[in-house]
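Rule-based calculations on the coordinates, nothing more; no lab input. As the structure is a computational prediction, the values presented were derived from the model and not from experiment. Neighbour counts are summed over all protein chains in view; Cβ atoms, including those assigned to glycine, are modelled from backbone coordinates with ideal geometry.
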Amino acid sequence: MRKIWDIHGGIHPPENKHQSLTAPIRAAGIPPQLILPLAQHIGAPASPVVKVGDKVLKGQLIAEAKGFVSAPVHASSSGIVAAIENRVIPHPSGMTAPCIVIDTDGNDEWFKLEATQDYRQLDKTALLNKIRNAGIAGMGGAGFPSAVKLTTRDEKPIETLILNGTECEPYITADDALMQERAEQIIAGAEILRHLVQPAKETLIGVEDNKPDGIAALQKAAEGTDIEIVVFPTKYPSGGEKQLIEILTGKEVPSSGLPADIGVVCQNIGTAVAIHRAIEFGEPLISRITTVTGEACEQQCNYDTLLGTPIQYLLDKSGFQAEHCIRLIMGGPMMGYTLLDPSVPIVKTSNCVLAPTAKELPPPPPAQACIRCGMCSEACPVSLLPQQMYWFARAQEHDKLEAHNLFDCIECGACSYVCPSNIPLVQYYRASKGEIRQAQQDKIKAERSKERFEARQIRIEREAAAKEAKRKARLEAAKQKTASATTSDSKGDVIQAAIERSKAKKAQSQTQAQDADPAKAAIARAQAARSGESSPESAEDKTARLEKHIASAEKRLAAAKEKLALAQEQGDDNAEAFAKAVANTEKKLQNAQQELQAHQTDKSASATPEENEDPAQAAIQRALAKRAGNTEEESPEQKTQRLEKLIASSEKKLAAAETKLAQAKQQGDDNAAAFQTAVEKTAAKLEAARQELAEHQSTQAKPDTAEKPQEIADDPAQAAIKRAMAARESQANLSPADKLKQTVESLEKRIAKSREKLNAAQQNNDDNAAILEDALKKMETKLADAKQQLAEQDA
């Protein structure tokens, strides 16, 4: 006689099993429509391989497994795929999930199956693949994929294989009916499992003693085998996996552990039958035995039901009286849940549909305060502290719940059943489990978001460092270029110092000479301009720089828009930052375009091609060209026509410039000052042309008196000489202190303009910034020298 162990706690509720065992298993038939959820198991949902309008056959694959912990779905009967959409599924929350809907044709035409002649010739991998491809999941519990559960590890050999035929929940008789009518298939399935798992010690089938007919059938079918039928006293919840292992072997599965950790594999007898049919005949899991019971049904029995059959279809076949039913329950009265919609389908784990009357299952009385009686702790089969976990659940102290092994709770309902205060303890535990799982998922998402943010920050810092390095490299290259262009090779510190002192004396003497001679001062300034001491940006250079800036801004804008679109598509939290970046880039691009437009207007209104050339060379070339062009004098009529054309052109340019200025002021454009300068220059040019025309017309009226001044005006070289002489005469009477004051004032004006240009170049990261900075330092040195000389004069 085999030794039987007892479990902690447990209860003895009314069984109510006889009502559904009065008739044999009946075929439920083919419903007009099948609803097959893609997630009828624990793990990843299956993925559809058919589309709407496809014709499918019975047993045909319609959704393939995705991932290791998953199971495929097969058509339960032949027909047409009517929809692939969300439908209400069997779940305590009443949630919807993706389902494949098939309109059956009534033919029940089978798909071609592949039977196995001798499974003993197949290796373990081939057998597991057949079980996996058949879509078999645990049919007595949570629906864990059987192929995953049967994948054992060599480092943890299996000693005991257990088939669970306990079925301890009241009202449910699906397994009992299966044992009575299909015991041979159960034993055949057990033999396949033995060949697959290779238990080193024993194979057991555990059955409670309240199923005498099923026990007798199993014992008869197991004759001549090493499979032992173990009968033990009825007690709820002996059918729990961990509880049955303890009853049959005396071993306890550790907290948060698996039966395989102690060398045990446990399967339901319905699962064993499904494995037998899958290996021997190639049939996928497309039907199961389901109990339909309760006093609200005229016929209470067990149905061989196609998966996907709507519950309403089974109720109609059982003579369901909705007006007498207090609530419809999926499962038993202890662990089942209320169904709000009878259109939900039968799935792989649907072992019972209970339709009780109010007399049969009265509504629970209102919950009262806990009196700390401790009866729940005595009834708990897992040896937990239900009372303490109740308080933690109410306070949402999730860390303390986990410390008290909340997830070891099998939600059997024994604590709620014995509670004198009628507290729905299981509901509290179930809700807390959901909250903890959700918090864990949120934490994982937050960590992933943090990783993405940190990676982005590192990327931004790396790009900024690269840009800064490039900018410094350009600046250093510009400084080296300037140094090589303005200084000669050093031959020694002593020689270099002597050269510098000589240059300083020469510069001082030149400054004094220039102060005394305005003509020489003009020549010195031209030479300084030519040598690069003052290198203002030319119109062409500015145009090229602005165009380059606009092209760069357009590229940055395109990249920013692409990043924004990607962020919005992925629901990234940084989408708002990307949108701001796009707006800022657009604004910069618009400003650059307006600045280029203003510069072009300014250039067309006031600039001449000669302004972009060498200042000294340009002055000489203009004078020579004008003198050479005067070998054949312009007639008075030609000059009048030229001036009139110039005036007309200037008027048009002035009107256009004024229009742009008004628009810029109205829009608050930053370039309004540039437009204002263009207007003033164009107006000055127009006024000069008008004045020249008036003088020309006056000269024509008095030719004798105007002849000599005209000749002087027509010779630019002579006019320049006259102006230089006049400047020399005006300087002749100035004292040395006054001359130094004029020099200081001139240098201060030049330094102010050079600082403005340097600031603009540095803001635009212009390569000429270093050159402008060196020129500014030289002028500041000259200014300091001039101020020192002026101070010596005053002393």
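Observations on the structure shown:
- Mean Cβ count within 10 Å, highest first, over the residues of peptides 441-450, 395-404: 395-404, 441-450
- By other beta-carbon atoms within 10 Å, ranking Thr349, Thr125, Thr96 with the fewest at the front produces Thr125, Thr96, Thr349.
- Between Gln321 and Asp54, the C-beta separation translates, for a Förster distance of 51 Å, into a calculated FRET efficiency of about 0.85.
- Ordering of 285-291, 177-183 by burial proxy (mean other Cβ atoms within 10 Å per residue, highest first): 285-291, 177-183
- Entries of Lys645/Lys685; Lys242/Lys348; Lys548/Lys653 with Cα pairs more than 18 Å apart: Lys242/Lys348; Lys548/Lys653
- Cα shape, region 26-354, gyration tensor, a/c 1.5 rule: oblate
- His599, His12 arranged by Cβ crowding within 10 Å, fewest neighbours leading: His12, His599
- Under 12 Å from the Asn405 label point (7 Å along Cα→beta-carbon), backbone N, region 356-391: 381-386
- Evaluating 6.51 cos²θ - 1.76 cosθ + 1.60 at θ = phi - 60° for every residue in region 333-341, the Karplus couplings come out as x, 8, 10, x, 9, 6, 9, 8, 10 Hz, glycine and proline recorded as x.
- Taking each residue as 0.36 nm, the span from Asp213 to Ser735 lengthens on full extension beyond its C-alpha to C-alpha distance by 174.3 nm.
- Segment Gln590-Ala446, length gained on full extension (0.36 nm per residue, minus Cα span): 48.0 nm
- Taking region 26-354 and dividing mean pair separation by its residue count, relative contact order in percent (alpha carbons under 8 Å, at least six apart): 22 percent
- Cα-projected label distance for Arg2 with Lys220, points at 7 Å along beta-carbon direction, nm: 2.1 nm
- Environment charge at Ile192 (Cβ cut-off 12 Å; Lys +1, Arg +1, Asp -1, Glu -1): +2
- For the residue pairs Lys481/Lys777; Lys472/Lys587; Lys542/Lys753, alpha carbon separations beyond 21 Å are given by Lys472/Lys587.
- Arranged from fewest to most other beta-carbon atoms within 10 Å of their beta carbon, Glu228, Glu208 become Glu228, Glu208.
- In loop segments of region 340-382 as defined by DSSP, the trypsin sites (Lys or Arg not before Pro) with at most 15 further C-beta atoms inside 10 Å of their C-beta are Lys359, Arg372.
- With both labels modelled 7 Å from their Cα along Cα-to-Cβ, the Glu468 to His195 distance reads 7.2 nm.
- The H on the amide N of Ile100, modeled in the peptide plane, is under 5 Å from the matching H of Leu36, Leu38, each at least 5 residues off or on a different chain.
- FRET efficiency, Glu298 to Ala97 (Cβ-Cβ, R0 41 Å, nearest 0.05): 0.80
- Within the straight-line cut-off of under 25 Å between alpha carbons, the lysines reachable from Lys450 are Lys561, Lys563, Lys580, sequence neighbours fewer than 8 places apart in one chain being disregarded.
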